[in-house]
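S.K.: First, the structure itself, so that you have it in front of you.
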Protein chains: 2
Amino acid sequence: MLEVKNIADLKQKIKDLKAENKTIGLVPTMGFLHEGHGSLIKKAREENDIVVVSVFVNPKQFAANEDLSNYPRDLVKDSAYCRELHADILFIPDADEIYPAGFNSFADIYQLGDNLCGIKRAGHFRGVCTIIVKLFNLIKPNRAYFGQKDAQQLAIIKRITADFNFDVEVIGCPIVREADGLAKSSRNTYLNSEERKAAAIINKAMQTGQKIIADGEKNTAVVLEKIRAIIESEKLARIDYLQAVDLENMQDIATVKNNTLFATAVFVGKARLLDNFLIENID
Amino acid sequence: MLEVKNIADLKQKIKDLKAENKTIGLVPTMGFLHEGHGSLIKKAREENDIVVVSVFVNPKQFAANEDLSNYPRDLVKDSAYCRELHADILFIPDADEIYPAGFNSFADIYQLGDNLCGIKRAGHFRGVCTIIVKLFNLIKPNRAYFGQKDAQQLAIIKRITADFNFDVEVIGCPIVREADGLAKSSRNTYLNSEERKAAAIINKAMQTGQKIIADGEKNTAVVLEKIRAIIESEKLARIDYLQAVDLENMQDIATVKNNTLFATAVFVGKARLLDNFLIENID
């Protein structure tokens, strides 16, 4: 596995691979890799000649009050994990390689970024869109892999990829969970043991929501109220948002239909944890 | 010369050309081509295997109060002119091919777009940046050609191309002028014969400014005042802006140095006319 820090080296390597007509699968990450990332790397490994993993804690997608400086990092472990999963290239740029002096451009999206995490994290999706445009131009992937845990991010990246005419297939992969249902996340490391136990309530509540819908409930307000009550029964949990939205435009929706996304962000201790489920194949 | 309206056809053609390792020069235009555009096409012809000209009156770069619906169009003449100059591909998409239903993404820039035309034309550079990202992704040019007449646009496109890591060389070409010095522009067609005569004052004033600087004046306020007085001596001319800025960041500058851009927009009748000169190679 090749570790690349510099853009010039990366560009040369990608140019060589393109000249050999290799297909490239990209897994963009912020590092501190877990089995959720692992599932993306494995899928990329199955579907492409070359797998590139990027590890970059993107300062532009953190709001001013957020955990940029504390975000967990372990490049040695990440590198070993990528090697174990047979990635070909690990791109690990410094921030000033990605955003040199004078950097002034950005990419962003209307509507899809105006709800859920977009309200709570000012500038977050602008940062996400900007780094994705850069990574797509640098790595020229045929396919790029993202987790469904960040469902709004996935929808936004799909939209901007189509809108900007990138020749990239954006592939969403299922949420990978711990045994008790908690979605795997680098931020789970913020939880102490009591908080870690309490965090299981989030997915337990979401599963109840799914069951109510499977049993016929179509009113999103009713479903959300049930989920809310369960999460709020846990004293260590504080809901940041809990909403039902149309996956197409991320706007709130009153009646459950296909492509309704139920999404929540819940604080447990210092950790802000995401979970969601998508309604598909209902009558 | 191939005329292409659809993105699917364009992408296939570009894919074929890339497979043959052809270099591509792109000349993005809004049509109603004149010798200014012609100079870009000729330069692209000299430097690339394939020349693509795009003609697209981009609605997103017109502010609400502007001349989108009246903007001059003559596709028959444009096509003949591109053929005469040996362009290979003329890309002439409809607006809904470029911005289909659900289109929600944009590219934009901080600082460089906040002055000059950026103040006067709300959203203009956001529209420019967005279409350029799309055209670069669709056409994958090795080089793209723009006129120095739109000096701020050129600086912004250079910046976003670098910031977004596009593998495109952005090339600025000198202003092409009428015999009396008026910069060639599709919008000159708005001028009646009296206005057309009056419009010559703009470049006359700018030439005087250049001469004053050549004679040793370093205070931009003094230079601007001389230019302003000359333009204002023409009753049909109304200055929209007249400023001296640093080409690097488009911010106003008090003392002339290398890469000082003197830029003006002047209304003559309905036409808003641009002119500028750049200071280079002074002590």
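None of the figures in this text is laboratory data; all of them are computed from the coordinates on show. These numbers were taken from a predicted model, which means no experiment stands behind them. With ideal geometry, Cβ positions are generated from the backbone for all residues, glycine too; neighbour counts draw on all protein chains shown.
S.K.: Take B:Glu280, A:Glu35 and order them by how many other Cβ atoms sit within 10 Å, fewest up front.
M.R.: Working: B:Glu280 9, A:Glu35 14.
In increasing order of surrounding Cβ atoms, one gets B:Glu280, A:Glu35.
S.K.: Over chain B, what is the mean sequence separation of C-alpha contacts under 8 Å (at least six apart), divided by residue count, expressed as relative contact order in percent?
M.R.: Working: 507 pairs, mean separation 49.2, N = 283.
It comes to 17 percent, rounded to a whole number.
S.K.: Let me ask something additional. With r as the distance between the Cβ atoms of A:Val76 and B:Asp252 and R0 = 56 Å, compute the FRET efficiency 1/(1 + (r/R0)^6) and round to 0.05.
M.R.: Numbers: r = 49 Å, r/R0 = 0.88.
For B:Asp252 and A:Val76, the calculated efficiency is 0.70.
S.K.: Name the residues whose placed amide hydrogens come within less than 5 Å of the amide hydrogen of A:Val176, ignoring near sequence neighbours (fewer than 5 apart) on the same chain.
M.R.: A:Lys184
S.K.: Shape of the protein assembly as shown from its Cα gyration tensor (a ≥ b ≥ c, root eigenvalues): rounded if a/c is under 1.5, otherwise prolate when a/b > b/c, or oblate? Walk me through the intermediate numbers first.
M.R.: Numbers: a/c = 2.06, a/b = 1.92, b/c = 1.08.
It comes out prolate by the Cα gyration axes.
S.K.: Please name whichever of A:Cys173, A:Ile119, A:Leu261 sits farthest to the positive end of the charge dipole of chain A, dipole taken about the Cα centre and charges placed at Cβ: Lys and Arg +1, Asp and Glu -1.
M.R.: A:Ile119
S.K.: For chain A, state the average projected area of the convex hull of the C-alpha atoms over all orientations, rounded to one decimal in nm².
M.R.: Working: hull surface 60.3 nm².
Orientation-averaged projected area of the Cα hull: 15.1 nm².
S.K.: Under a Cβ-only charge scheme (Lys and Arg +1, Asp and Glu -1), can you give me the dipole magnitude of the protein assembly as shown about the Cα centre, in debye to the nearest 20? Present the calculation step by step, with values, prior to reporting the outcome.
M.R.: Numbers: 74 positive and 78 negative charges, 24 e Å.
Result for the protein assembly as shown is approximately 120 debye, rounded to the nearest 20.
S.K.: Okay, moving on. Determine the equivalent ellipsoid of the range A:186-278 by diagonalising the alpha-carbon gyration tensor, then write out the semi-axes as square roots of 5 times the eigenvalues, largest first, rounded to whole Å. Please list the in-between numbers first.
M.R.: Details: eigenvalues 119, 38, 19 Å².
In descending order the semi-axes read 24, 14, 10 Å.
S.K.: Averaging over all projection directions, find the projected area of the Cα convex hull of the range A:69-219 and quote it in nm² with one decimal place.
M.R.: Projected area, direction-averaged: 12.2 nm².
S.K.: Where both partners of a DSSP beta bridge lie in chain A, what percent of those bridges are antiparallel, to the nearest 5? Show your work: numbers first, answer last.
M.R.: Details: 21 of 40 bridges.
Roughly 50 percent of the beta bridges in chain A run antiparallel, per DSSP.
S.K.: What size of dipole, in debye to the nearest 20, comes out for chain B about its Cα centre when the only charges are +1 on Lys and Arg C-beta atoms and -1 on Asp and Glu C-beta atoms? Provide the component values of the computation, followed by the final result.
M.R.: Details: 37 positive and 39 negative charges, 56 e Å.
Dipole size: approximately 260 debye.
S.K.: Which distances in nm, rounded to one decimal and ordered from shortest, link the label point of B:Lys5 to the equivalent label points in the other identical copies, with labels set 7 Å from Cα toward Cβ?
M.R.: Nearest to farthest, the other copies are at 5.4 nm.
S.K.: Same structure, new question: From the square roots a ≥ b ≥ c of the eigenvalues of the alpha-carbon gyration tensor of the range A:1-70, which class results: rounded (a/c under 1.5), prolate (a/b over b/c), or oblate?
M.R.: Details: a/c = 2.96, a/b = 1.56, b/c = 1.90.
Note, shape of the range A:1-70 comes out oblate.
S.K.: Okay, next question. Between copies, how far apart are the A:Asn249 label points? List them in nm, one decimal, shortest first, with each point 7 Å from Cα toward Cβ, please?
M.R.: With the label placed 7 Å along Cα→Cβ, A:Asn249 yields 4.1 nm.
S.K.: Hey, how many Å between the Cα centroid of the range B:151-198 and the Cα centroid of the range B:234-283?
M.R.: Value for the Cα centre distance between the two parts: 13 Å.
S.K.: Roughly how far apart, in whole Å, are the Cα centres of the range A:86-128 and the range B:25-93?
M.R.: Rounded to whole Å, the Cα centres lie 33 Å apart.
S.K.: Can you list the HN-Hα couplings for the range A:186-194, worked out from phi with the Karplus curve (6.51, -1.76, 1.60; θ = phi - 60°), rounded to whole Hz and with x for Gly and Pro?
M.R.: Per residue, the Karplus-derived 3J(HN,Hα) values read 4, 6, 4, 5, 6, 7, 7, 5, 5 Hz.
S.K.: Inside 10 Å of the C-beta atoms of A:94-105, what's the mean count of C-beta atoms belonging to other chains?
M.R.: Values: counts 0, 0, 0, 0, 2, 1, 2, 0, 7, 5, 14, 15.
Counting Cβ atoms of other protein chains within 10 Å of each residue's Cβ and averaging gives 4.
S.K.: Same structure again: If you take the beta carbon distance between B:Lys197 and B:Glu217 as r and set R0 to 30 Å, what does 1/(1 + (r/R0)^6) give as a FRET efficiency, to the nearest 0.05? Could you put the intermediate results ahead of the total?
M.R.: Details: r = 29 Å, r/R0 = 0.97.
That gives a FRET efficiency of 0.55.
S.K.: For the protein assembly as shown, what is the calculated [θ] at 222 nm in deg cm²/dmol (nearest 500), taking -39500 (n - 2.57) for each run of four or more DSSP H residues and dividing by its residue count?
M.R.: Numbers: 20 runs with 214 residues, N = 566.
Mean residue ellipticity, 222 nm, calculated: -11500 deg cm²/dmol.
S.K.: Then there is this: Measuring from the axis that superposes chain B on chain A, report the chain B residue with the minimal C-beta distance, rounded to whole Å.
M.R.: In residue-and-Å form, the answer is B:Ala107, 2.
S.K.: Here's something else I'd like to know. Using Cβ contacts closer than 10 Å as the measure, can you line up B:Asp167, A:Asp88 from fewest to most? Write out the running numbers ahead of the final one.
M.R.: Numbers: B:Asp167 15, A:Asp88 20.
With the sparsest Cβ surroundings first, the list reads B:Asp167, A:Asp88.
S.K.: Short version: ³J(HN,Hα) in whole Hz for each residue of the range A:200-215, in order, from phi by Karplus 6.51 cos²θ - 1.76 cosθ + 1.60 (θ = phi - 60°), x for Gly and Pro, what are they?
M.R.: Rounded to whole hertz, the list is 4, 4, 4, 6, 4, 5, 5, 5, 4, x, 4, 5, 4, 5, 4, 7.
S.K.: Using a 7 Å offset from Cα along the direction of the beta-carbon, what are the separations from A:Phe267 to the same position in each other copy, nm, ascending?
M.R.: Going from nearest to farthest copy, the values are 5.1 nm.
S.K.: Between B:Gln12 and A:Ala101, how high is the FRET efficiency from 1/(1 + (r/R0)^6) when r is the Cβ-Cβ distance and R₀ = 51 Å? Nearest 0.05. It would help to have the intermediate numbers written out before the result.
M.R.: Details: r = 40 Å, r/R0 = 0.79.
Computed FRET efficiency for B:Gln12 and A:Ala101: 0.80.
S.K.: Please arrange A:Met30, A:Met1 by counting, for each residue, the other beta carbons lying within 10 Å of its beta carbon, fewest first. Please report the intermediate quantities before stating the final value.
M.R.: Numbers: A:Met30 18, A:Met1 15.
In increasing order of surrounding Cβ atoms, one gets A:Met1, A:Met30.
S.K.: Starting from the Kirkwood radius over alpha-carbon pairs of the range A:22-110, derive D by Stokes-Einstein at 25 °C in a medium of 0.890 mPa s and give it in µm² s⁻¹. The partial results should precede the final answer.
M.R.: Values: Rh = 14.4 Å.
The estimated diffusion coefficient comes to 171 µm²/s.
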